Structure formats: structure tokens, C-alpha cells
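What follows is a short report on a single structure.
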């Protein structure tokens with residue numbers, strides 16, 4: 001094992017600031033079926049005269065928002081409807097998202113209409129096939145509303161009455177044509193001058209138009225800044241509506257930075273339309289007082305490999321190729337298996353670097 005140093009005192013946590021315009025209108029309805037509902041009864045707030053949709057409680061494993069729990073709504077009817085009152089305006093744009101799972105095959109639809117019955121539902125906004133047997137997230141952008149509706153309805157159809165369809169975490173947003181949102185992941189908050197920092201965050205296209213995004217990093221304290229979108233380094237990246245892009249990067253703190261100085265990197269995102277801008281700021285404190293030592297072990301197998309490589313270790317992982325180009329930057333805990341193309345790579349965690357060959 002080779003010693004790697006981390007700083008003893010974490011005085012400054014990650015500070016993230018989203019400057020300028022972030023075009024995101026926010027949720028107008030979010031129903032996780034958590035509040036005041038009862039097992040075996042119709043979800044509160046919904047119109048469902050025949051009780052074909054009811055609430056239940058069960059531990060679930062899909063990637064829900066942190067504040068949601070284990071309640072859900074489900075049906076086992078071959079055809080079922082439930083309706084929610086909501087005013088929808090022809091001048092606005094909407095996005096519907098929800099999680100769904102079935103133990104067979106269900107057709108799941110979302111409709112809009114002016115009364116809480118199936119005959120009044122006139123505009124189809126989402127139509128998806130929900131298959132067995134894991135949670136999936138379904139999403140639809142509604143770019144044109146035909147009328148000023150007063151209700152939307154959820155419709156489920158199956159050929160097998162023994163099957164069950166479950167839905168959860170239904171979200172309705174009003175969205176702008178162009179919008180973006182950055183979500184933090186990690187940054188080394190204390191760095192020794194001359195050492196390399198790794199950072200990670202997520203970029204989400206919150207609008208309903210595809211984006212071409214330009215990346216413009218700037219800092220007075222860091223040099224050799226490399227930023228990748230979904231593992232690809234370049235000045236731009238595409239983002240489809242509702243797409244989450246993994247942003248990762250590395251940068252070197254200048255050797256002459258005085259210990260205790262507050263340093264930063266600004267990453268400016270602009271769109272090719274020139275209609276929206278977002279700035280993501282990452283902060284770190286320069287520190288030369290390395291008083292604690294920890295041991296980090298790096299293991300790579302199989303090596304040589306035919307493509308799939310398992311890496312064991314804890315910390316910030318950086319993989320570069322023979323040309324010095326960054327292939328991957330990621331924080332790992334315990335171990336991670338990745339797929340690499342044919343070639344020779346250098347894998348680094350902390351102060352330890354190993355060479356791996358892919359045949």
C-alpha cells in the first residue's frame with residue numbers, strides 16, 4: 001500500500017452557486033402518494049368512482065426523490081381510470097414524469113379533458129408500455145395544449161386481470177423552451193498547492209428543446225482544467241429534454257497559491273441560441289498542513305483485460321490513455337467495474353498509479 005495524504009480539517013464544505021438565469025418553472029403537482037392516504041383506499045385528491053386505483057405500501061427500490069417514501073397507487077383491473085383536477089392553459093408548456101412497474105404488460109396513458117370521466121378526455125399526452133419487472137421512469141413533454149383543460153386522467157389497460165400496474169412519484173412541471181440546472185456531486189474542499197482536484201456534478205436540460213451547450217471554465221487559481229460531459233472532453237455537448245449529463249473534470253491548483261487562500265473555478269454554460277446562461281462555481285481552500293495520513297490501496301483485475309476492468313480503491317479515480325488524454329474521472333468507494341477500449345491506460349487513485357492493458 002502507498003500512503004496518500006488528505007487534509008485534517010475540513011473547514012470549508014462545497015459551496016455551489018448558480019448565477020445568472022436558470023430557466024426552470026418548477027413543479028405544479030407532485031404526488032408520491034405519501035400523505036394522509038390509507039392502504040386499500042383511493043388516493044386522496046383523485047377522482048376514481050369505481051375504486052379501480054387504490055393506495056398501497058411497500059418498500060421500493062427505484063431512484064426516487066429523497067423525501068418520498070414507500071407509498072404508491074396501483075390497479076389490477078383490465079381497464080382503469082383516475083382523474084386529478086388541474087387547470088392547463090393553452091399558452092403554457094408542460095412535462096409529465098412518473099415511475100411505473102408491472103408484473104405483466106400494461107399500456108399506461110395520460111389524458112387531458114374538462115370533466116372527470118373517460119368520455120371527456122380529449123388530448124393524449126403520454127402513452128407508454130410498462131413491462132415486467134423493474135421500476136422505469138416515463139416522461140412526456142406537452143408542447144401544445146388544444147384547450148384550457150380542467151382535469152387530467154391516468155388510464156391503464158391490460159389484457160390480463162391478474163397483472164398489477166403500480167405508479168409512483170408523479171410530477172407535473174410547467175417548463176420553458178430553454179432551461180438548465182446543475183446539481184452538485186463532489187469537490188476536494190482542501191488542496192495542497194500544485195496538486196490536482198477532481199470534481200463531479202450533473203447537468204440537466206430542464207427545457208423542452210434539445211440543447212447544444214458550450215463549456216467555458218475560468219479560474220485565477222487553477223490551471224490545466226479538463227472538463228468532460230458523459231466521459232467526452234470537448235468545448236460543447238448535446239443535451240436532450242430531461243437528459244441528465246454527467247459532468248466531470250480535473251484541475252491543478254497553482255503551486256504559488258498561499259496556504260489558507262479561498263480558491264474557485266467558474267464553469268459557465270451557454271447555449272448556441274444565446275438565450276440562457278448558467279454558471280457553476282466550485283470552491284476549495286489551499287492548505288499545506290498535511291497532518292493526517294491514510295492508506296489507500298489500488299487493485300486492478302484482470303490485467304491484461306479483454307475490456308471489462310474491475311478497480312478496487314477509495315477516492316478520486318482518474319484514467320488516462322497513452323496520449324495523456326483523460327478517459328474517466330469518477331469518485332469510487334470499494335470497487336467499480338468499467339469497460340475500456342483496446343489500448344494501454346494509466347489508472348490513478350490518490351498518489352498511486354497503475355498501468356492496465358486492454359487487448
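How many of the residues making up region 207-237 are within 17 Å of residue 281 (Cα to Cα), without any contact (Cβ under 8 Å) to a residue 40 or more places away in the chain and crowded, with 16+ Cβ neighbours inside 10 Å?
The qualifying residues number 1.
Looking only at residues that are in a loop (DSSP other than H, G, I, E, B) and touching a strand residue (DSSP E or B) at 6+ places or on another chain (Cβ under 7 Å) in region 307-324, which one is farthest from residue 349 (Cα to Cα)? Break it down into steps so the answer makes sense when it comes.
Going through region 307-324, the residues in a loop (DSSP other than H, G, I, E, B) turn out to be 307, 313-314, 322-324.
Okay, now just the ones that are also touching a strand residue (DSSP E or B) at 6+ places or on another chain (Cβ under 7 Å), so 307, 313-314, 322.
Details: 307: 20, 313: 7, 314: 7, 322: 17 Å.
Among them, the one singled out is 307.
Could you tell me how many of the residues in region 211-239 are more than 17 Å from the chain's Cα centre (by Cα), part of a loop (DSSP other than H, G, I, E, B) and more than 15 Å from residue 268 (Cα to Cα)?
Of the residues in region 211-239, 1 are more than 17 Å from the chain's Cα centre (by Cα), part of a loop (DSSP other than H, G, I, E, B) and more than 15 Å from residue 268 (Cα to Cα).
Taking the residues in region 311-351 that are farther than 21 Å from residue 230 by Cα and crowded, with 17+ Cβ neighbours inside 10 Å as candidates, determine which candidate is modelled with the lowest pLDDT.
The selected residue is 350.
What about residue 61, is it at pLDDT below 85, farther than 15 Å from residue 169 by Cα and out of contact with any strand residue (DSSP E or B) (no Cβ under 8 Å at 6 or more places or on another chain)?
no
Among the residues of region 88-111 satisfying the criterion of being closer than 21 Å to residue 144 by Cβ and either free of Cβ contacts under 8 Å to residues at least 12 places away in the same chain or out of contact with any strand residue (DSSP E or B) (no Cβ under 7 Å at 6 or more places or on another chain) (or both), which is surrounded by the most Cβ atoms within 10 Å (Cβ to Cβ)?
Per the stated criteria, the residue is 89.
Can you tell me which residues in region 247-269 are under 20 Å from the mean Cα position of the chain (by Cα) and surrounded by fewer than 17 Cβ atoms within 10 Å (Cβ to Cβ)?
We begin by selecting, within region 247-269, every residue under 20 Å from the mean Cα position of the chain (by Cα); these are 247-249, 267-269.
268 - this is the single residue of region 247-269 that is under 20 Å from the mean Cα position of the chain (by Cα) and surrounded by fewer than 17 Cβ atoms within 10 Å (Cβ to Cβ).
Please enumerate the residues belonging to region 294-306 that are farther than 22 Å from residue 195 by Cβ and either outside the structural domain of residue 346 (by TED's automatic domain parsing) or in a strand (DSSP E or B) (or both). Working first, answer last.
If we filter region 294-306 for residues that are farther than 22 Å from residue 195 by Cβ, which is where we start, we get 299-306.
Of everything in region 294-306, those that are farther than 22 Å from residue 195 by Cβ and either outside the structural domain of residue 346 (by TED's automatic domain parsing) or in a strand (DSSP E or B) (or both) turn out to be 299, 300, 301, 305.
List every residue pair whose Cβ atoms sit under 9 Å apart, with the two residues 6 or more apart in sequence or on different chains, where the first one lies in region 183-204 and is at positive phi and outside any strand (DSSP E or B) and the second, anywhere, is surrounded by 19 or more Cβ atoms within 10 Å (Cβ to Cβ) and modelled with pLDDT of 85 or more.
194/253; 194/257
The values are calculated or read from the model by the stated rules, or taken from the named source; none is laboratory data. All values reported here derive from a predicted model rather than from experimental measurement. Here the Cβ is made from the backbone with ideal geometry for all residues, glycine too, and neighbour counts use every protein chain on show.
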